[in-house]
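Encoded as structure tokens, the structure appears first; notes follow it.
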Amino acid sequence: MSPDNFQHIEAIVLNITLVGLFLLMGYAVHDVMKKNDVPKIGRFVAYGVLGLGALGFVAKGIIQVVYMSSGVSG
């Protein structure tokens with residue numbers, strides 16, 4: 001297997017793993033808030049923080065694709 005193929009597969013597995021991690025964190029946060037009867041504003045803040053963290057990884061991926069397509073090596 002060439003290094004380019006290995007790097008591509010590694011990037012795909014990393015992205016899938018991050019999606020799984022965020023889903024598991026979301027489930028854990030939901031379970032804790034459900035058991036402790038957290039008010040709606042607390043749920044909004046907790047899900048907002050988790051969502052912004054996930055959005056940061058999406059933005060990083062988009063920026064990386066834009067840079068790679070413009071020829072910037074990374």
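The values are calculated or read from the model by the stated rules, or taken from the named source; none is laboratory data. All figures in this text were calculated on a predicted structure; none of them were measured in a lab. Methodologically, a virtual Cβ is constructed for each residue, glycine included, from the backbone with ideal geometry; neighbour enumeration extends over all protein chains shown.
So V49 passes all but one of these: (1) surrounded by 10 or more Cβ atoms within 10 Å (Cβ to Cβ); (2) modelled with pLDDT of 90 or more; (3) of a type in the set (A, V, I, L, M, F, W, C); (4) more than 16 Å from the chain's Cα centre (by Cα). Which condition number does it fail? Evaluating V49 over (1) surrounded by 10 or more Cβ atoms within 10 Å (Cβ to Cβ); (2) modelled with pLDDT of 90 or more; (3) of a type in the set (A, V, I, L, M, F, W, C); (4) more than 16 Å from the chain's Cα centre (by Cα) leaves (4) as the failure.
Looking across the stretch 1-46, the residues that are over 30 Å from M68 (Cβ atoms), in a helix (DSSP H, G or I) and of a type in the set (A, V, I, L, M) come down to A28, V29, V32, M33, I41, V45, A46.
Every test in (1) in a helix (DSSP H, G or I); (2) of a type in the set (V, I, T); (3) surrounded by 10 or more Cβ atoms within 10 Å (Cβ to Cβ); (4) at pLDDT 90 or above is passed by V65 save one, and that test is (4).
Every condition in (1) modelled with pLDDT under 85; (2) in contact with a Gly (Cβ under 8 Å, 6 or more places away or on another chain) is met by G74 except one, and the failing one is (2).
Got a sec? Which of L18, L55 is under 19 Å from the mean Cα position of the chain (by Cα) and without any contact (Cβ under 8 Å) to a residue 24 or more places away in the chain? Criteria check complete, one pass: L55. Can you confirm whether M25 is in contact (Cβ under 8 Å) with a residue 24 or more places away in the chain and not charged (D, E, K, R)? The answer is yes for M25.
In the stretch 19-37, of all residues being among the aliphatic types (A, V, I, L, M) and in contact with a helix residue (DSSP H, G or I) (Cβ under 7 Å, 6 or more places away or on another chain), the one that is nearest to G56 (Cα to Cα) corresponds to M25.
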